[in-house]
Amino acid sequence: MKFSKNSITTILAVFFVLVVFGFVAPAVANAAAINTATNTNVTPGTQYTTFKGVSVYRLHITNTGDAQDTITSLTPTPVGDVNDTVITLHFYKDVNNNGFVDQGDTNLGASAAFASDNTKQAFDITDVVVPAGGSASVLITADGLSVGNAQIFRLSMALGTDILMGTVAVDTGSFPKLNTDPLTASDTAPSLSITDGASDPIAKTAIASETGVVVKQLSIAAAATSDSIVSFAITPAGTENDTTQVSATKFS
């Protein structure tokens, strides 16, 4: 069978069209975060008019998407009759999600007092990664300076936009997110009792290089008004060399 030059060109052109138009490119799905915000109520209780390190808000971001995201800034709204300029907030990544600051939690910086009363304020925290298919928690604590007797203070995330994410905004449903229980100030000074704990260890022998040895347990109770422990000063005793034979001291 013979083909003219023109017929061959036509056949090739038809074949090319069939190949191009018969091909369907596979769909490419772009990975994306899907962020939802919730909060867990904390109970600040009754605090003396000057206080430090009291937990006032717990925020959780859950990412059900397939790409990580970051929390970059938080803009809480103060609620109550306290003059908010005497309140300083601190922000922590609550690594073990237990609702109070302890060893292993990360200070996110941005600590500052409210610049004005009854006004929401942005705090640019160190970015907190929210992994794909995972979650992250931020704990906010408050210090107060000469708060008025019987005045109350609470925090709220009034809008979804008050939680600034690096890539995808949080779900805007179910706002505001207010901490239910207030912090109440009292001019009654706290009365503390400090005793040995129920599991205070007896004398024991520790092997060389042993870790996690419990050496003391204290029971600390406050009457009427709560208080916050902000530091411990401990005095070592014994025949060991404290600088070379004790590698770390942990409080929990």
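Just so you know, all these numbers are worked out from the coordinates, no wet-lab data involved. Since the structure is predicted, the reported quantities are computational estimates derived from the model, not experimental observations. As a convention, Cβ positions derive from the backbone with ideal geometry for all residues, glycine included, and neighbour counts pool all protein chains shown.
Using the Cβ-Cβ distance between Ala237 and Thr106 with R0 set to 51 Å, the FRET efficiency works out to roughly 0.95. If a/c stays under 1.5 just call it rounded; otherwise compare a/b with b/c (prolate if a/b is bigger, oblate if not). Do that for segment 76-216, with a ≥ b ≥ c from the square roots of the Cα gyration tensor eigenvalues. Oblate.
Note that segment 141-152 has calculated 3J(HN,Hα) couplings of 10, 10, 10, x, 10, 6, 6, x, 4, 6, 6, 10 Hz, one per residue in order, obtained from phi through the Karplus relation 6.51 cos²θ - 1.76 cosθ + 1.60 (θ = phi - 60°); glycine and proline are x. Cross-link candidates for Lys216: which aspartates and glutamates have Cα within less than 14 Å, leaving aside residues fewer than 8 places away along the same chain? Correct list for Lys216: Asp196, Asp200. Put simply, when 114-123, 146-155, 73-82 are sorted by average Cβ atoms within 10 angstrom per residue, most first, you get 73-82, 146-155, 114-123.
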